[in-house]
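Below you'll find the structure, written out as structure tokens, and then a few comments.
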Amino acid sequence: MSASAEGNARAAGYTPHPYVGGRTAALRALAAWRMRWPGAPRVIVLTGNPGSGRSRLLTGFLMMCDPEYRKQLPIDDLDPATVPPDLPAPAVPSAAGRTAAQVLWLLADHFELAAGRTEDVFAELAAREEPVTIVVPDVDQAGPVRAAEEATRVVREVLTPLAATETVQLLADVPRELATELAGALPASQVQVIDLDAPEWADPKGLVLHAETALDARSGAPELPYTTDPAARRALAEALAARAAGSRLTVQLAVQSLLMAPEGFDPADASQLPTSVGEALDLHARRLGADPQTLRLMLAPLAFAEGDGLPVQLLGTLANAVAGRDMSQDLADGMLLAAPFIQPVEPSSEDDEDGTGEDGPGKDAEAGAGRTLLRLMHPALAEEIRSGLPDVRDTQTRIAMALLEEVPQQDWAQADPYIRDHLAAHTLEAGLLPQLLTDPGLFAHADPVTLRAAIEAVPLEQLGAPARTYLRTAPLLTRSQASATLRAAFLESAFVEDGLAPYAEALHTRGFRLPWRTLWNVPLAGVRAVTTGSVAVAGEDGTAVSRSVAALLVPEGTPGSRTLPAAADGAVAPQDGTGAADGTAAGEDAGAVNGDGAGGRTALLLHDLRAPEYVDADPSLVVQPSEEDRAAAPLGFSRGADYLRVWARADRRMVAALVSDSPVTDADLSPDGVLVVATERGVTARQILVAAPPTAPSVPAQRTGTTAADASHGLEGDHS
């Protein structure tokens, strides 16, 4: 199969694909791959220069692979060798904007795999009896943060293992610099590289047809001599294609330029036709009597935009920052100048996520419903503009500082969703991200997938303790799909666990109505059970006073613990499972039970219920709340393997929901609302805060010696 197939197809009278308009050789190769034709490769790597038309080709091919969509195509009129068989649609996990792990979990969900780890996904696919077909488009656009180079991770962590799985038939659209790496991981007999810029896959006639169709007045172009006269239209299309060196993007930009502003265009003057994306920009500006550099400066903020696009209200601010001067008049006068290179987009639901959690997700969604986002027509256009700037890092610094100044009183709840979600990406490329990662309010308000991707792109040794705590907590934030308020609550506990009490306290001053205040954490391994109660201790004057405590069942020999004989009164045994159907916790009303430690002996460690200190007292003297006390308490709780819910007994209203990043071993709730939870990581006490809570104690200084926050390993993304 080669470019000669194009001429053969036309000679046979076949209709070009209505969306692709050519690429017969490539479509034949893809159809043979889909039908598993003898000798066809199991893996195809589709690549080419930016703007070569990879996405268009892949979209047109997938139209024919979808049983419903292909009914809308003139299948019978197309070259039969380009039409794949009528089979169930392949899995198509787009990499655009997603992390490597998110792409993998999309596949796991699509195939309904029971995998709990990334390596299990490949193992389960390998164990399938029937082969699976997977198409992964837009790898060059992978990741929520441009500077994090997520495309490389997608190739190495997802596509390469998939390609090595014999039961997987894979087609992937990857940038050229990664295509060789992916193909080189397989035997030559199993893989084929289709480079759309290589001579054997080139389609010059298809490019002419692409230009001719775009120029046709019958397709919506304005009525001009070269859009209504077939001969003139054909001549101009051929001239455009000849100058564009195979770049469909260059042709597209040139056509949009002359159709939006035909003034001063002479179709007979070949010097007015661009040979590259950069020339398309510059020629358009000159034809409209503008300075090409001014046009590039107007578009520069969009060349650095993250996510779906830049809010239109930030365009002027960032244009001024990039140019170092007032660009307001240039922007006011230059919309026609910039129009061929810009497209408006509607903000996604993720961009409208709630900023405070107070009023729920709909609050900012309503505010963002009327927002207009702008982006450039193609990523290659952004790269062209960025490459023309003298110092990209300095430009990003200017953008980051301008965005930071747009945060009202540095209150992230009032910040534009774009700023709170993407400021980290701008500061990453500016080399300033570690300096930004000191405000716990930003940690809570920013989209956790995007912020985590940016932070993980920074060497761990450059990150401060708060950022390391965030990385440790980020998988929980993304997995739980928590609101901003719940993210703040999880982070508040994580900061206390890591000995960063001032950061935890700061979250109580940022306008959140947190469901709890974390009182203390002890990083004890092996805690099997917990209970709350009180014990009499000697006061300063020698008289006995009652002190609220948490009794922890720990391995014998734990420093500070006391070993009790079997059947000792007051010992606590582990709870036996999740909450009952009526919402009460298993064992919630249990009184004292006998110890069941190894060898019939139990070790108990007493900890103050509210202060970060142990209590030196006889555990056998601990008095647990009676069943009547617990029943009369305003709060109850229920739990599962890694979550707890606290609810008000009066109206069964849930007042707090806790998701743990490690299995919950045991938990207890004191009558006055202190929740003590034991996990594999240790024990944490939280004062539950309700509408009229008891006086909330301030967070005291934490003990030294807590475990340091570990870096996270990979971007799991949302696998809920």
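The values are calculated or read from the model by the stated rules, or taken from the named source; none is laboratory data. This one's a predicted model, so the numbers in the text were calculated from it and none came from an experiment. Reconstructed Cβ throughout: ideal geometry from the backbone, glycine too, with neighbour counts over all protein chains shown. Each accessible area value is taken on the protein alone, full model and side chains, heavy atoms only, with ligands, DNA and RNA left out. Shrake-Rupley method; radii C 1.70, N 1.55, O 1.52, S 1.80 Å.
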(message) Could you tell me the center-to-center distance, by alpha carbons, between the range 500-530 and the range 636-679 in angstrom?
(response) 14
(request) Scan [x] 61, 31, 20; [y] 56, 37, 30; [z] 49, 35, 31 for the value of semi-axes √(5λ) of the Cα gyration tensor in Å calculated from this model and give just the label. (result) [x]
(message) Given the DSSP H assignment, sum -39500 (n - 2.57) over each helix run of at least 4 residues in the chain and divide by its residue total; what's the result at 222 nm in deg cm²/dmol, nearest 500?
(response) -10500 deg cm²/dmol
(request) Note down the accessible area of residue 562, probe 1.4 Å, to the nearest 10 Å². (result) 90
(request) Specify, per residue and in Å³, the volume enclosed by the convex hull of the alpha carbon atoms belonging to the range 120-172. (result) 70
(request) Would you tally the net charge around residue 234, using a Cβ to Cβ cut-off of less than 11 Å, leaving residue 234 out, and scoring K and R as +1, D and E as -1? (result) -3
(message) To check my understanding: the extent here is largest minus smallest coordinate of the Cα atoms along each principal axis. What are those three numbers for the range 1-156, in Å, largest first?
(response) 53, 39, 30
(request) Please report, in Å, the Rg and the Dmax of the range 422-562, where both are computed over Cα atoms only. (result) 19.3, 64
(request) Before anything else, pin down the relative contact order of the chain: Cα pairs under 8 Å, at least 6 apart, normalised by residue count, whole percent. (result) 10
(request) Give the value in nm², to one decimal: projected area of the alpha carbon convex hull of the range 161-265, averaged over all directions. (result) 9.0
(request) When a/c is below 1.5 the answer is rounded, else prolate if a/b is larger than b/c, else oblate, so apply that to the range 410-492 with a ≥ b ≥ c taken from the square roots of the Cα gyration tensor eigenvalues. (result) oblate
(request) DSSP loop (so not H, G, I, E, B), at most 16 other Cβ within 10 Å: list which trypsin sites (Lys or Arg not before Pro) in the range 107-191 pass both filters. (result) 117, 128
(message) Leaving out ligands, DNA and RNA, and with a 1.4 Å probe, what % of the accessible surface on the chain is carbon or sulfur?
(response) 52
(request) Just flag the GluC sites (Glu not before Pro) in the range 488-540 sitting in loop per DSSP whose Cβ has no more than 10 other Cβ atoms within 10 Å. (result) 540
(request) Would you mind calculating the relative contact order of the range 385-434 from Cα pairs under 8 angstrom and at least 6 residues apart, reporting the percent as a whole number? (result) 42
(request) At 1.4 Å probe size, with every protein chain present, just tell me what the per residue accessible area of the range 400-461 comes to in Å². (result) 31
(request) With both partners inside the chain, how many of the DSSP beta bridges are antiparallel, as a percent to the nearest 5? (result) 80
(message) I need the peptides 252-264, 297-309, 182-194 ranked by packing, meaning the mean over residues of other C-beta atoms within 10 angstrom, with the highest value on top.
(response) 297-309, 252-264, 182-194
(request) Once you have the Cα-Cα distance between residue 611 and residue 130, take 0.36 nm times their residue separation minus that, and quote the gain in nm to one decimal. (result) 167.2 nm
(message) With every protein chain kept in place and ligands, DNA and RNA left out, what is the accessible area per residue of the range 146-283? Probe 1.4 Å, answer in Å².
(response) 42
(request) Taking 7 Å along the Cα-to-C-beta vector as the label spot, tell me the residue 525-residue 333 distance in nanometres, rounded to one decimal. (result) 7.1
(request) Take the Cβ-Cβ distance between residue 641 and residue 217 as r, set R0 to 45 Å, and report the resulting FRET efficiency rounded to the nearest 0.05. (result) 0.10
(message) Please compute the modelled spin-label separation between residue 541 and residue 461, points set 7 Å along Cα→Cβ, answer in nm with one decimal.
(response) 5.9
